[in-house]
1. What distance in nm separates the two pseudo spin-label positions at residue 143 and residue 92, each 7 Å out from Cα along the beta-carbon direction?
2. Between residue 135 and residue 2, what is the spin-label point distance in nm, taking each point 7 Å from the Cα along the Cα→C-beta axis?
3. Per residue of the range 56-63, in order, report the coupling 6.51 cos²θ - 1.76 cosθ + 1.60 (Karplus, θ = phi - 60°) as ³J(HN,Hα) in whole Hz, putting x for Gly and Pro.
4. Of the heavy-atom accessible surface of the range 134-197 (probe 1.4 angstrom), what whole percent is carbon and sulfur?
5. Quick check on packing: order 140-147, 52-59 by the mean number of other C-beta atoms within 10 Å, highest mean leading.
6. Taking R0 as 41 Å, what's the FRET efficiency between residue 112 and residue 172 from their Cβ-Cβ distance, rounded to 0.05?
Amino acid sequence: MQPLILAYYFFAGITLFSALFVVLSRNPVHSVLWLILTFFGASGLFILLGAEFLALILMIVYVGAVAVLFMFVVMMLNINFKEIKSRLTKYLPLGILIGLVLFVELGLVFGDFVPALSPKGDKNLLINEEIENTRQLGLVLYTDFIIYFQLAGIVLLIAMLGAIVLTHQRRKDVKKQDILTQIYRDPDNSIELKDIKPGQGL
């Protein structure tokens, strides 16, 4: 067996195995660790496909930022596992229904799937040896798929704004700085002079 095929099965096995444990792990911290391993396996598959730029982006952005951020958030949050388990039975029928719909959709997709006999011939049609990989990816994204690229950015922006709005709650028991009140306050009402006699405190 060729080394390229062995490397493919190695990275594909790691990706599938770790992705399965992301879902099955009961500890959220362990799930994030398995998720990081899944990203590394997917990066290996991208390298085998010749998309080294996507592989590096996946490792730098997702592993170095997103996954580590997930881990810190999970470790700092006070998660009540008993409450989560109690809610599991409540939403179990809905989860089973959604899972069945997803399995039916996957069955319809893979039912008509026909593997290509010669993928190298199709792959060579998409490769231009005169343009490097990163530049060619940018040309495709910003010409043929510019609308989808911008729509994905808008969706991410809306998600970020929604998370900020949901987490930003005004609480009355927390003291916050009001800059306008400090600027427009009257010195006569904010300063109080007291005559302290010698030997007496406030």
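1. 5.5 nm
2. That separation, rounded to one decimal, is 2.8 nm.
3. 5, 4, 5, 6, 6, 7, 6, 6
4. Values: 4100 of 6600 Å².
Solvent-exposed carbon and sulfur of the range 134-197 make up 62 percent of the total.
5. Result, highest mean Cβ count within 10 Å first: 52-59, 140-147.
6. Numbers: r = 59 Å, r/R0 = 1.44.
It comes to 0.10.
The values are calculated or read from the model by the stated rules, or taken from the named source; none is laboratory data. Note that this is a predicted model, so its numbers are computed, not measured. Here the Cβ is made from the backbone with ideal geometry for all residues, glycine too, and neighbour counts use every protein chain on show. Note: accessible area is taken over every heavy atom of the protein model, side chains too, but ligands, DNA and RNA are not part of it. Shrake-Rupley method; radii C 1.70, N 1.55, O 1.52, S 1.80 Å.
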